[in-house]
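One structure below.
Every read-out reported here was derived from the displayed coordinates using simple, explicitly stated rules and does not represent laboratory data. These numbers were taken from a predicted model, which means no experiment stands behind them. Ideal geometry is used to build each Cβ from the backbone, glycine not excepted, and the neighbour counts take in all protein chains shown.
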Amino acid sequence: MEYVYILQSEKNAKYYIGSTNDLNRRLSEHNSGQTKSLMNLLPMKLVFSKACNIKGEARRIERHLKKLKSRVIVQRIVAEGRIRTGII
């Protein structure tokens, strides 16, 4: 099982989008400072995750969301708790 996830900094409310095959391990890595790009944003909290059964789907969704560079879309995904099919 793969996951696409959205983290939010508890420090300044910025979002981070990622994908992984082990959500708990990855969240732990992020919050322990193993992700250099997030070190100044710690602590991070998980605000959205979506399980994907098809191999590569989580990575595809992650790349697409990062390309959009839209905080509004990310906020809508978090608020609704789902990714609309028209977005991806």
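Structure notes:
- Around the Cα centre of the chain, unit charges on the Cβ atoms of Lys, Arg, Asp and Glu (plus for the first two, minus for the last two) sum to a dipole of about 340 debye.
- Distance between the range 28-62 and the range 63-84 - C-alpha centres, whole angstrom: 14
- Ellipticity estimate at 222 nm from DSSP helix runs (n ≥ 4, -39,500 (n - 2.57)) divided over the chain, nearest 500: -10500 deg cm²/dmol
- Extension gain from GLU80 to ARG59, taking 0.36 nm per residue of separation minus the Cα-Cα distance: 5.5 nm
- Each Lys or Arg adds one and each Asp or Glu takes one away; over the other residues whose Cβ falls under 14 Å from the Cβ of ARG84, this sums to +2.
- Counting only the Cα atoms, the chain fills a convex hull of 90 Å³ per residue.
- For LYS14, the amide hydrogen comes within under 5 Å of the amide hydrogens of SER9, counting only partners 5 or more places away or on other chains and with H modelled in the peptide plane.
- Cβ-defined net charge surrounding ALA13, 11 Å radius [Lys, Arg +1; Asp, Glu -1]: +3
- Seen from ILE54, the other residues with C-beta closer than 11 Å to its C-beta sum to a net charge of +1, counting Lys and Arg as +1 and Asp and Glu as -1.
- Under Karplus coefficients 6.51, -1.76 and 1.60, residue-wise ³J(HN,Hα) of the range 30-40 in Hz, glycine/proline x: 4, 6, 8, x, 7, 10, 4, 5, 9, 4, 7
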